[in-house]
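S.K.: Take this structure, written in structure tokens, and hold onto it; I'll ask about it next.
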Amino acid sequence: MKIGILVTGHPPDALKGEFDEYDVMFRALLDGNGFDYETFAVVDNQFPADADQADGWIITGSRHGAYEDHAWIPPLEDLIRAIRDKGAPLIGVCFGHQIIAQALGGTVEKFTGGWAVGRTDYDLDGDTVTLNAWHQDQVTRLPEGARVLGRNDFCENAMVAYGDTIWTVQAHPEYGDDFITGLIHTRGKGVVPDDLLQDALRRSNTRDDSPAIARHMAAFLKKARA
């Protein structure tokens, strides 16, 4: 099965050389599932020819806002709708979660309640799932037909499904503690309140359910559909 990874951002320049690009993080997260991959750096205006160029798709995180005026965002929204219409599996993570909601008629905004950084607990079907997060933007209004699967008091729309083919998550199962620490010391300083950054550092190396979410993502991509 070929997975197309739509890269919508890059790690901070200060972390390049120390950490992989986002597509490589997802390949590592989903290692062992027999997927083939092709990367499209849509943030650099590198797009697939059409929605048929892969069997399934992943949209990565980004430092950009889905609502910002970038030349690559409208064609990405067109591609999202084409993937939906084709019925191919599509997963969105953080910015990917947001841009899918926006492309399908929802609203993404800079959340007035502030930031989620580092280990964050979510309620998923009555169970607690803990993942690394890094965001202020949120999906504040869902598209018609979207179903909320996971949430917490800070982020009401943390995990969302659209029919049987699209699954999105606000958190970052692909981010390890070392990368979160790198973000804290680069993008975080002077942007995110210091008390949140320090709390995130204290909570690193605690429970992390990324492996379970990775298994869910792989099963979702592989799932037989009519």
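S.K.: Can you pull out the residues in segment 42-83 that are in contact (Cβ under 8 Å) with a residue 40 or more places away in the chain, part of a helix (DSSP H, G or I) and closer than 12 Å to G96 by Cα?
M.R.: Within segment 42-83, L76 is the sole residue that qualifies.
S.K.: Only one of these is modelled with pLDDT of 95 or more, in contact with a Leu (Cβ under 6 Å, 6 or more places away or on another chain) and among the small types (G, A, S): G56, G87, G105. Name it.
M.R.: G56
S.K.: Right, A14: at pLDDT below 95, of a type in the set (A, V, I, L, M) and assigned to a helix (DSSP H, G or I) or not?
M.R.: yes
S.K.: Right, V24: aliphatic (A, V, I, L, M) and under 22 Å from A101 (Cβ atoms) or not?
M.R.: When the stated conditions are applied, V24 does not pass them.
S.K.: For segment 3-26, how many residues meet the condition of being surrounded by 12 or more Cβ atoms within 10 Å (Cβ to Cβ), in contact (Cβ under 8 Å) with a residue 12 or more places away in the chain and among the charged types (D, E, K, R)?
M.R.: Here the count works out to 2.
S.K.: Let me ask something additional. With the structure loaded, tell me whether A49 is surrounded by fewer than 18 Cβ atoms within 10 Å (Cβ to Cβ), over 17 Å from the mean Cα position of the chain (by Cα) and aliphatic (A, V, I, L, M) or whether it fails that test.
M.R.: Yes, satisfied.
S.K.: Continuing with this model, one more query. Looking at segment 133-147, can you tell me whether even one residue there is assigned to a loop (DSSP other than H, G, I, E, B), at pLDDT below 95 and hydrophobic (A, V, I, L, M, F, W, C)?
M.R.: Scanning segment 133-147 turns up no residue that is assigned to a loop (DSSP other than H, G, I, E, B), at pLDDT below 95 and hydrophobic (A, V, I, L, M, F, W, C).
S.K.: Also, quick follow-up: Only one residue in G190, G182, G114, G118 is at positive phi, in contact (Cβ under 8 Å) with a residue 40 or more places away in the chain, not basic (K, R) and not in a strand (DSSP E or B), so which one is that?
M.R.: Being at positive phi, in contact (Cβ under 8 Å) with a residue 40 or more places away in the chain, not basic (K, R) and not in a strand (DSSP E or B) holds for just one of G190, G182, G114, G118, which is G114.
The values are calculated or read from the model by the stated rules, or taken from the named source; none is laboratory data. The structure displayed is predicted, hence computed values, not measured ones. Virtual Cβ from ideal backbone geometry, glycine too; neighbours counted across all protein chains shown.
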